[in-house]
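The values are calculated or read from the model by the stated rules, or taken from the named source; none is laboratory data. Model, not experiment: these values are computed from the prediction. Every residue, glycine as well, gets a Cβ built from its backbone with ideal geometry; the counts of neighbours run over all protein chains shown.
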Amino acid sequence: MSKSADAIPVLDFSGYEAEPDSRRRFLEELRRAARDVGFFYLSGHGIPQSLIDDVLGASRRFFALPDEDKLEIEMVNSPHFRGYNRVGQELTRGQRDWREQVDIGSEAPALTRDPGQPAWRRLQGPNQWPSALPELKPLLLEWQERLTELSTRLLQAFAVILEQDEDAFETIYAGTPNHLIKIIRYPGRDSTESEQGVGAHKDSGFLTLLLQERQKGLQVEDADGSWIDAEPRAGTLVVNIGELLEMATDGYLKATVHRVVTPPAGTDRLSVAFFLGAPFDAEIPLLELSPHLKVQANGVTRDPQNPLYRNSGQNALKSRLRSHPDVARRHHADLLAAQARAEVAPFA
């Protein structure tokens, strides 16, 4: 059974930079949303509706391209895990997700594979862009820039509710970033026997900002194990906390399990996800909370199948190798072999 989206709060971000009373109200709402749900809708974010419409329109046009044009940028050709995945190519907890998508990371030059250097250096590199849709590149890079700015301001607001300096999370957004955009299309259930658009999981980064088109499908796990439908709301982004922000706050901020259910037959679902990531060489800050906040921290959820590391690059590499085994086999077989031999957590 699923519950109404009314269980997910709607926060107006314009209140954060308004007069003191509005700012206090926003911060208290943010505290409750982060502690009780781990998800919220964000309005007042300042992203122009014209840009939202352009990004969704270009995403639609990409997925309408012939297969050969989409496969020109197939991810398996990129050692940096960038590009297009056909339906069923990405895994969540070993099960195939029923979606096609394009992964776009931060634009940066590839690094050399020097002996003795950290394996996560392999993740940095160029994106793949479809020659049949040249407008996609400038649109998504503008979207990445806008969402990076918005996410940075949100992290500053989180620092305030944690009674830290506003720049307490600066190591996350300083330096060469490690952000990820996914444009995603979920085909209707007439194409699959499975309900799994994306299997139940927590996001592995710091913050996720999701733009939804018109078809629902995202569901958030409630404390009683039921599911809340996070239906699309015009003019909002869905924001959720990732595992690394939970780790940085010893569980005071909550990373929540969620999933995507395959849409009904005869429909599809389109979304654009932005994942805020720290530079690959950054260490995750472990904040020293004041005593009255520390007693409310629930600790970090430990999953033997999903170890968390202090280093940002280690976490990113772990996730990519696990989610995209075809890319891992083609470009990083040595890492898979080392992982199989290791008696301790990989890449530590």
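Under the condition of being assigned to a loop (DSSP other than H, G, I, E, B) and among the hydroxyl-bearing types (Ser, Thr, Tyr), which residue from the range 87-143 is modelled with the highest pLDDT?
SER131
State which residue is surrounded by the fewest Cβ atoms within 10 Å (Cβ to Cβ) when the search covers only the range 155-176 and only residues that are among the hydrophobic types (A, V, I, L, M, F, W, C) and under 17 Å from the mean Cα position of the chain (by Cα).
Looking at residues that are among the hydrophobic types (A, V, I, L, M, F, W, C) and under 17 Å from the mean Cα position of the chain (by Cα), I get LEU155.
I need a count of the residues in the range 1-24 that are assigned to a helix (DSSP H, G or I) and modelled with pLDDT under 90.
4
In the list GLU288, GLU283, which residue meets the criterion of being within 19 Å of the chain's Cα centre (by Cα) and surrounded by fewer than 19 Cβ atoms within 10 Å (Cβ to Cβ)?
Numbers: GLU288 fails: within 19 Å of the chain's Cα centre (by Cα).
Exactly one residue qualifies, and that residue is GLU283.
All but one of (1) touching a residue at least 24 places away in the same chain (Cβ under 8 Å); (2) among the aliphatic types (A, V, I, L, M); (3) surrounded by fewer than 19 Cβ atoms within 10 Å (Cβ to Cβ) hold for LEU276, so report the exception by its number.
Just one mismatch for LEU276, condition (3).
Tell me, please, whether a residue that is farther than 20 Å from GLN215 by Cβ, among the basic types (Lys, Arg) and at pLDDT below 95 can be found in the range 59-75.
No, the range 59-75 has no match at all.
Looking for whichever is surrounded by 14 or more Cβ atoms within 10 Å (Cβ to Cβ), of a type in the set (A, V, I, L, M) and outside any helix (DSSP H, G or I) here; the options are LEU42, LEU27, LEU56. Which one fits?
The unique qualifying residue is LEU42.
Would you mind stating whether THR152 is among the β-branched types (Val, Ile, Thr), buried (at least 17 other Cβ atoms within 10 Å of the Cβ) and at negative phi?
yes
Quick one: which helices (runs of 4 or more DSSP H) lie wholly within the range 227-345 and hold at least 1 residues that are under 27 Å from ALA159 (Cα atoms)?
Once the helices (runs of 4 or more DSSP H) in the range 227-345 are filtered for at least 1 residues that are under 27 Å from ALA159 (Cα atoms), what remains is 243-248, 291-294, 312-323.
Yes/no matrix, rows are residues, columns are (1) within 18 Å of LYS254 (Cα to Cα); (2) among the charged types (D, E, K, R); (3) in contact with a Lys or Arg (Cβ under 8 Å, 6 or more places away or on another chain):
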residue	(1), (2), (3)
GLU19	no, yes, no
ARG32	yes, yes, no
SER50	no, no, no
PHE63	no, no, yes
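Restricting to the range 155-201, name every residue that is assigned to a strand (DSSP E or B), in contact with a Gly (Cβ under 9 Å, 6 or more places away or on another chain) and small (Gly, Ala, Ser).
Result: GLY197, GLY199.
Contact list please: Cβ distance under 6 Å, first residue in the range 33-60 and farther than 30 Å from ALA223 by Cβ, second residue among the hydrophobic types (A, V, I, L, M, F, W, C) and outside any strand (DSSP E or B), pairs at least six apart or on different chains.
Partner pairs satisfying both residue conditions: ASP54/LEU139; VAL55/LEU139; VAL55/TRP143; ALA58/LEU136; ALA58/LEU139.
If you check GLY199 against the conditions, is it farther than 29 Å from PHE280 by Cα, out of contact with any His (no Cβ under 8 Å at 6 or more places or on another chain) and small (Gly, Ala, Ser)?
Judged against the criteria, GLY199 is not a match.
Taking SER312 as meeting all but one of (1) of a type in the set (Ser, Thr, Tyr); (2) farther than 23 Å from SER78 by Cα; (3) crowded, with 18+ Cβ neighbours inside 10 Å; (4) out of contact with any Lys or Arg (no Cβ under 8 Å at 6 or more places or on another chain), write down the number of the exception.
It fails just one condition, (2).
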